[in-house]
């Protein structure tokens, strides 16, 4: 029989306001095995932990139950406290009477009754707990960063600067990401390329960084400290070692009709291409779908003009397998498709564009060489209307329920830049709310209004009506004036919602990292562990976690890097001791358990056993503790129940069931 | 006051609309083809119901101007469906005894020879109980 | 301790995966999304840890409903656990149905760590369902008591 | 192929030709329209109130008759289509309405939205196919620039009607192409004509129709086509010069059966 | 039968096998029982007839541990069980010399008795040499007869076929006795109302005396130690304080053998209370076939079992309510 101490936390009023903690103490004291029960204001405080140590000493406790917040919050705290007090940390169980009880129930009697039952279940479990001892696993001192945008680049640089090897995997032909497509950045109006390209170059030149562009993560196995990843290097059809980046192939390529991804399809590119001038690496790829040679077998112009002999039509995809200790996801975002928003006439008029398309139009390397002009007729516009929240804050299943966060600021930026460069252009912004939390953000927005005379109208646009004369009639609300207004515009710019890059879902599945309904990766804790995934060894950088602007992205990228470095700096990790274990005398050696183990942690040995006097050699399952992650799939599939999970044993769970159903 | 509250509840019930979902973006009013004919604008219906100001709604001429074209329903980003609120307010009025938006004696002078049955039917359904 | 002897207070056991639905329940808690106190959660490392014996044990001990919550298919922390759980539970539930035990008493729901709202909604629905089914007599009484 | 057909009140009176052209065209295209026996008026407007049951029953009767015959239910008038499709949606998805409606109806087997409701245009698109229609055209309306007028009732709410993209529909444009003419896309094609409001607010409706016609003419339309007698009436009240036809009239013409219909 | 005995003697004599696993005559004309034979003399007691229903596969678990090979007589349906045991590493294929014996349907003495034939002193027509059309009985009440098929075990009416899945040699002819639908009984229960279903199973299960005959005979229930005898589940107490085991035994047993059960029907054959236990197993088999694709346990030795396998788009558990 265990000697159990039960400690009931008030958590200030978080628990005590709804749960009668004194009553809980009184009730649990009668439970079998309980030799001590007390309550305290904050069990997690120094003083609270001291109470545990004291009771352990005085009452000779062998097991501890803490009735408090979720074990996901403080299980570790109390395990450490137990260890300090001289008890095996795995002799501690938490009854979650805050998140699962006091916070969701109002009736004190009901909540108290439930708290007692949850405590009883924990006591019943501890009665069957056994001391567990963690093992160790090694850490591969190399990190993988998935995504080569500003988030990925910054994370990689920070990890590499700390002295660890980092690989960046980027699916497009160049690193740079969305930021490379931007013209200027808020709130200081720096040229985006001017601040990004030095970082791209630094990453490319860093001796600790290996960049795989035009590559995708194909398979991930293993676990924290010891991931094995297959990277597919897609065939570039150009030998990167020979190519000098002279660009002649692109000039001479006769197939020039492929839509330019970099310019959002607003103009075209050649079949052999680098996405943009500052691309890294400066090695083109052949788009085999657009290439005449690949389509018809006849052409080969690029091969002929390449002085370096770098063109290789026979190149195949290559799989690189590499081991990593940590993985950082930095997959970024895209703008949503506007097919659900035809009232804004995006699909009907070339002069209705997204903000990201406007970035390209404003950019000197863009489709209009930086001249502000209508894409339909090339004319200079005089009246531009911006529409905010297109697809953001929509709970009707057409768009996204969240605020995309960056639109208010970049629209102010666009409005300001246009008014600055073209004072003859009138700019009207239809907005629902202007959201400018951030240093110098509101000042920036106010400058757009006060110094640049941008006309902000509070109200949403209902419809954009293309006119026979080529203009766009914008029908919107002016809620402050309680009017419906019609504005004739030359261009309409839609602040299109952003969403996580589509490939993130697949990547999350490979990493077994959890993802929310909007496809943003979930944090381990929304406030306290915002750059870690709940999956150990996986970290989050940039918009893959939630909408954010460049400064926030860079900050988070650094934070993710620090977390990864913290992991890589360790030589060994202690492993979870809650692993599966087979009872030698009960095991049939039937191999059923090995069939369901996702880690290949179960093997079979011919082992001599002494089964109540019968000595014989039997085929018996043996679990490798370093590989076992403790899911328990094997325990249920085992017909004899020989396989059990330490820390979540059959008897322990049944004891909890019994305690709850009593 | 309490009866106004009941009426507001009744409107929510008949319409099946939760006005709390509204984020006051004004897209309904931006969309409405009858906007200029209305004294209380589509987006205002939400706050009138929330504030329990049902008398004002009942006396509003907007009730008889809404075309039920469902453009606001289609475009509302929060799925509030203001058109349904307006219709529920109209229901509340015409279900009261003696209330009607269209008297039979009015009708003959409104007719012409091309007028389709459908128009009369619809108008009856809209204006009368 | 019972609140009201007249009223049916179902006993409901929820097995929640530590990585998703247990965290989803935590999120429901910190978001103050209420559901009835009748639901008691048991933390398991994965939905694939739930042995059919646990479920039958719960019913035998007087539970009125048992719900198993795991990660969405494709999102299992251990890659494949929930796929096995899905097959096991499908077959078990089908067997219980075959034996005339009301199939509303058992349920599997995939709830992620981010779905506090879904967790609360699911529990509210489940409790309501159990209320409509009333006390569980069948599983506790598969043999005639003579 | 046989369909149950719900003509509706106006097609028996003011819009007889909309109906006659449709029947003649159906025959030419090889499908049959079997009129619902003793159909009752759909009411013209869909009762939006969650508590209105009685006004939905005539639709349920027609729907149930089609179900019993094992046929899809075809409509032609936009208003009937709107009402019947939405009621069908309620019967399928709204437990409360289904239960209460069935309580009234006392059918042998309760009706639960089993019938598939199709507009005549949907039959052309999804059952006949515009490609097949094109092949059967004997008298292509080559050179005619036609604006499609959709109005509200066919399209909205898009989620329930599932007829076409409510903000940028293409079904009538595709139809126009199939009969050999040239569609003219203009932004007001899904704006309201004024609907029932024209009974009293003549001026308001007229203004709205003026806008529609001006927009269509502006983009080069020589005529408008519609599926709805009320839209037809309202559009005709506008003085802007632009003739309006029922789409079935042009269909019958293209199929060479216009004379038969008369 | 004589051919079998001759061959067994030969194999013993030339040292191919150290023993023979077959059936020997019982104390009544209709109750032969499984037996090991190690000498030619012992083999004089060997019988093989229509009453030799017992599936000998499971005995091979023990025989696999013995010195030398064992000649084992397996009927077509028994070979599925043997394959399944190979797959689960419970028997050693190398230790078995499998003689696939012919089968024309096995008989149920309960069925015979149900036909009103009692006080039996001798049986003819149950030998495997004839056509297995008619059975004749000498009884203390005079001679009686019945159609062979009328006295067959339920499992033979839904026979899986004449083919042996694994063998070293074949002796004797088989007959296809299938004349009923395998899942007809399951479907009948599925069609009942919940109350009827419950009443049906409550009635049947109430007969159970927990004698463990079903468990002991089942070739899939081959665990060294059954969970119901284990201290690891708190399910072992035999005292009345814990009635868990009694109530849930059959559900758990069926679940444990789901995907592994070959539907050999031994459980129902041996149940002294006549509980149709195969109805549990067959329900799982039917569900597996419908939900995850047709699967016959023991048809091979390397396929993935349905419960240790999955597809990304398997049915959700809620399908149970929808079906």
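The values are calculated or read from the model by the stated rules, or taken from the named source; none is laboratory data. Please read these numbers as outputs of a predicted model, since none were measured by experiment. Heads up, the Cβs are rebuilt from the backbone with ideal geometry, glycines too, and the neighbour counts pull from every protein chain shown.
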| field | Of residues in the stretch C:27-69 being farther than 19 Å from residue C:119 by Cα and touching a strand residue (DSSP E or B) at 6+ places or on another chain (Cβ under 6 Å), the one farthest from the other protein chains (Cβ to nearest Cβ) | value | C:55
| note | Checked against (1) free of Cβ contacts under 8 Å to residues at least 60 places away in the same chain; (2) over 24 Å from the mean Cα position of the chain (by Cα), residue A:387 satisfies every condition except (1)
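A quick yes/no check of all residues on (1) under 16 Å from residue A:432 (Cβ atoms); (2) within 33 Å of the chain's Cα centre (by Cα):
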| residue | (1), (2) |
| --- | --- |
| A:449 | no, no |
| A:454 | no, no |
| A:457 | yes, no |
| A:471 | no, no |
| A:481 | yes, no |
| A:490 | no, no |
| A:517 | no, yes |
| Quick one: residue B:73 ticks every box in (1) at pLDDT below 85; (2) within 14 Å of chain D (Cβ to nearest Cβ); (3) in contact with a helix residue (DSSP H, G or I) (Cβ under 8 Å, 6 or more places away or on another chain) bar one, so which box is it? | (1)
| request: Can you tell me which residue among A:93, A:99 is within 20 Å of residue A:649 (Cβ to Cβ), crowded, with 24+ Cβ neighbours inside 10 Å, without any contact (Cβ under 8 Å) to a residue 60 or more places away in the chain and at the interface with chain C (Cβ under 10 Å from one of its Cβ atoms)? | output: A:93
| remark: Within the stretch B:84-105, residues being more than 8 Å from every other protein chain (Cβ to nearest Cβ) and either more than 22 Å from residue D:230 (Cα to Cα) or assigned to a helix (DSSP H, G or I) (or both) number 15
| When only residues in the stretch B:111-129 that are facing another protein chain (nearest Cβ under 10 Å) and at pLDDT below 85 count, which is farthest from residue B:29 (Cα to Cα)? | B:124
| field | Members of the stretch A:622-662 that are over 12 Å from residue C:54 (Cα atoms), within 37 Å of the chain's Cα centre (by Cα), more than 7 Å from every other protein chain (Cβ to nearest Cβ) and part of a helix (DSSP H, G or I) | value | A:634
| field | Residue list for the stretch E:266-280, restricted to those being under 12 Å from the mean Cα position of the chain (by Cα) and surrounded by fewer than 24 Cβ atoms within 10 Å (Cβ to Cβ) | value | E:268, E:269, E:270, E:271
| remark: Going through the stretch D:144-187 in order, the residues found to be in a helix (DSSP H, G or I) and either away from chain A (no Cβ under 11 Å) or buried (at least 23 other Cβ atoms within 10 Å of the Cβ) (or both) are D:160, D:161, D:171, D:172, D:173, D:174, D:175, D:176, D:177, D:178, D:187
| query | Hey, among A:49, A:41, which residue is farther than 30 Å from residue C:123 by Cα, surrounded by fewer than 18 Cβ atoms within 10 Å (Cβ to Cβ) and either at pLDDT 95 or above or touching a helix residue (DSSP H, G or I) at 6+ places or on another chain (Cβ under 8 Å) (or both)? | reply | A:41
| note | Taking the stretch E:192-214 and keeping only residues that are away from chain C (no Cβ under 11 Å) and either within 23 Å of residue C:102 (Cβ to Cβ) or crowded, with 20+ Cβ neighbours inside 10 Å (or both), one is left with E:214
| task | Specify which of the listed residues (C:78, C:84) is part of a loop (DSSP other than H, G, I, E, B), surrounded by 23 or more Cβ atoms within 10 Å (Cβ to Cβ) and over 12 Å from the mean Cα position of the chain (by Cα). | result | C:78
| request: Would you confirm whether any residue within the stretch A:585-597 is more than 10 Å from every other protein chain (Cβ to nearest Cβ), in contact with a strand residue (DSSP E or B) (Cβ under 9 Å, 6 or more places away or on another chain) and either in contact (Cβ under 8 Å) with a residue 60 or more places away in the chain or on the phi < 0 side of the Ramachandran plot (or both)? | output: no
| said: Among the numbered criteria (1) buried (at least 20 other Cβ atoms within 10 Å of the Cβ); (2) outside any helix (DSSP H, G or I), which one does residue D:110 miss? | reply: (1)
| query | How many residues, within the stretch B:9-31, are over 11 Å from residue B:80 (Cβ atoms), more than 7 Å from chain A (Cβ to nearest Cβ) and buried (at least 24 other Cβ atoms within 10 Å of the Cβ)? | reply | 1
| request: With respect to residue A:413, determine if the residue is touching a residue at least 24 places away in the same chain (Cβ under 8 Å), farther than 22 Å from residue A:345 by Cα and in a loop (DSSP other than H, G, I, E, B). | output: no
| With respect to the numbered conditions (1) away from chain E (no Cβ under 12 Å); (2) surrounded by fewer than 23 Cβ atoms within 10 Å (Cβ to Cβ); (3) in a loop (DSSP other than H, G, I, E, B), which one is the sole condition not fulfilled by residue C:72? | (1)
| request: Sort out which residues of the stretch A:223-250 are farther than 20 Å from residue A:153 by Cβ, within 31 Å of the chain's Cα centre (by Cα) and crowded, with 17+ Cβ neighbours inside 10 Å, and write them in order of number. | output: A:223, A:224, A:225, A:226, A:227, A:232, A:234, A:235, A:236
| task | Report, by residue number, each residue of the stretch C:87-103 that is touching a residue at least 24 places away in the same chain (Cβ under 8 Å), in a helix (DSSP H, G or I) and within 7 Å of chain E (Cβ to nearest Cβ). | result | C:88, C:89, C:92
| query | Out of (1) on the phi < 0 side of the Ramachandran plot; (2) in contact with a helix residue (DSSP H, G or I) (Cβ under 8 Å, 6 or more places away or on another chain); (3) modelled with pLDDT under 90; (4) within 11 Å of chain E (Cβ to nearest Cβ), the odd one out for residue C:137 is which? | reply | (2)
| task | Inspect all residues belonging to the stretch E:87-94 and state whether any of them is under 18 Å from residue E:264 (Cα atoms), more than 14 Å from every other protein chain (Cβ to nearest Cβ), touching a helix residue (DSSP H, G or I) at 6+ places or on another chain (Cβ under 8 Å) and surrounded by 23 or more Cβ atoms within 10 Å (Cβ to Cβ). | result | no
| field | Output for the stretch A:522-533, where each listed residue is in contact with a helix residue (DSSP H, G or I) (Cβ under 7 Å, 6 or more places away or on another chain) and in a loop (DSSP other than H, G, I, E, B) | value | A:531
| Which residues, counting only those in the stretch A:435-465, are in contact with a strand residue (DSSP E or B) (Cβ under 7 Å, 6 or more places away or on another chain) and farther than 26 Å from residue A:373 by Cβ? | A:458, A:459, A:460, A:462
| task | Tell me, yes or no, whether the stretch A:275-292 has at least one residue that is at pLDDT 95 or above and in a helix (DSSP H, G or I). | result | yes
| said: Show me the helices (runs of 4 or more DSSP H) found entirely inside the stretch E:98-205 where at least 3 residues are within 30 Å of residue E:322 (Cβ to Cβ). | reply: E:184-190, E:194-205
